[in-house]
Amino acid sequence: MVSLDEVVDDLYGGSLADFVTRRDAAVREARAAKDRDLAREIAALRKPTLAAWAVNLLVRDDPGLAEQIRAVGEGLQEAERTLDGPALRELTTQRRKLVAGLVHRARRIAAAAGQKVSEAAAQEVDRTLNAALLDPRVAEAVTSGTLTHGQEYVGFGSADGDEETPGADAPDAETPDAQTPDADTPDAVVTPFPVGGRAGRDRARRSAGGGTGPGDDGGTDDGGTDDGADGDGGGRGSRRGSRAGGTTTRPSGGRTPSAAHDDGDAGRPTRGRGASRRASGDDDEAARAAEAERAAQEERARAEAAERERRAAQERARRERERLRRRHEQAVAAREEAEAELARVHQRHDDASRAEHDAASALEEAEEASAEAYRTEEELVRQLAEVRRRLAEARSALPRADEAVMAARTAAHEREKALRAVHRELERARGAAERAHAVEEDAADALAAAPAD
């Protein structure tokens, strides 16, 4: 008695045309052996489609093909997980070449087995092998060698291999380097200069395109104090206070009374020249102070503008971060929706596959029932013809039978008459015998009564 595995190997590795016949024979054999469970399991084996049968022959023809399919599929899955674009492209090319060669070989093996694979069936073989390389579950079904219908890959990823690896070179939306400035974002972020101090003023003047300020004296670069332009104006206030104090505390001419008395008129020209120099110095000092004040105002204006620009840049950056955050949330929502849709598509695909399998099973059972009905009809037609032939023969033999019946009836009547005559003769003979017996008895009595001599 054969086992289920032997029956499966025989059915799915043999001819497609007589699959049902061989399966029914195996079912009858199992039933004859009183193994109902085996008969039920064999009867549940479904006839494969042409494409599935060709794939089964291909897998059974090359024992190493199953391992090759698993190896290429695992490589593709690993490349997708690691986002390795070059490896994914190389494996995709390898997959295409492998599938094309396998389809050609499957058609050749099927033709050698006496079954031509149509173009539509070849495309189904192509889709099935691609699905096996992209989905481990399909690979397991394909490499079993007992496939009953074609498979198709439904999902995302590198099924076509033409797209770049998702996210391989894309910047991270969460990192600051990935932020894309708006149209009004400046080419460079403006850093505000410090308010006050010579270094800050020098940078401000250079950034504005100016040269050295009035308080630089055309000279020092060592960072010394500039009397003409302090950030807070304290130097100017000190100098003004000194000038005012000197004028208040000094007598006329700035000398003591005794010195003025000793010098007499001879000191007046000197005091005039000194006053003239002081007046000229005061004018220069006032000019420098005014220039320093203007420079300080310009510095403050530039610092305020820089501060406004910095705040505007911060606001733009904040808006950009908010925009990127919203985009990220939308992308996450879209990804989750895509994953949910993928799950729904997988479910619909599984439902469709089951429905297709059930429909194929129902069609196969209907075909078997139709064939059985045709066979029953042919048998009934044959039996009806036989009955009609016998009926015609009976009808043709009926007159002869009637004649035979009449003859039999006549013969029976004659035999009955003869029987009655014989019965009468028998009665007469019996009566004669009885009378003879009585005479004999009388004679015997008479003889006994006669005297002896």
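Values in this text are rule-based calculations from the coordinates and carry no lab data. All of these numbers come straight from a predicted model, not from anything done at the bench. So basically every Cβ, Gly included, is an ideal-geometry build from the backbone, and we count neighbours across all protein chains shown.
Descriptive notes on the structure:
- Listing Tyr12, Tyr374, Tyr153 from fewest to most neighbouring C-beta atoms within 10 Å gives Tyr374, Tyr153, Tyr12.
- Reachable lysines from Lys97, criterion Cα separation under 25 angstrom, eight or more residues apart if same chain: Lys116
- If R0 is 22 Å, the Cβ-Cβ spacing of Ser15 and Ser118 corresponds to a FRET efficiency of close to 0.80.
- At R0 = 45 Å, FRET efficiency that the Cβ-Cβ distance of Val381 and Ala407 yields, to 0.05: 0.70
- Compared with the direct C-alpha span, the chain from Asp445 to Ala279 gains 37.4 nm at full extension, assuming 0.36 nm per residue.
- Computed magnitude of the charge dipole of the range 4-176 (debye, nearest 20; Cβ of K, R +1, Cβ of D, E -1): 1180 debye
- Spin-label model distance (nm) - Ala331 vs Glu364, 7 Å beyond Cα toward Cβ: 4.8 nm
- Here the peptides 108-114, 143-149 are ranked by packing, the mean other Cβ count within 10 Å, and the order with the highest first is 143-149, 108-114.
- Total charge dipole magnitude, the range 393-444, about the Cα centre, Cβ charges on Lys, Arg, Asp, Glu only, Debye to nearest 20: 340 debye
- Under 17 Å from the Cα of Lys34 - lysines, other chains or at least 8 residues apart: none
- Label positions at Asp24 and Val422, each projected 7 Å from the Cα along the C-beta direction, are separated by 6.3 nm.
- R0 of 41 Å, Cβ-Cβ distance Leu4-Ala397: FRET efficiency to nearest 0.05: 0.10
- Counting 0.36 nm for each residue step from Ala355 to Tyr374 and taking away their Cα separation leaves a gain of 4.1 nm.
- Charge dipole (the range 4-176, unit charges on Cβ, about Cα centre) - positive-most of Leu58, Val8, Ala26: Ala26
- Between Glu140 and Arg60, the contour length at 0.36 nm per residue exceeds the alpha carbon distance by 27.4 nm.
- For the range 4-176, the residue among Thr148, Val99, Ala113 whose Cα projects farthest onto the positive side of the dipole built from Cβ charges is Ala113.
- Three-way shape label, the range 371-439, alpha-carbon gyration tensor, a/c 1.5: prolate
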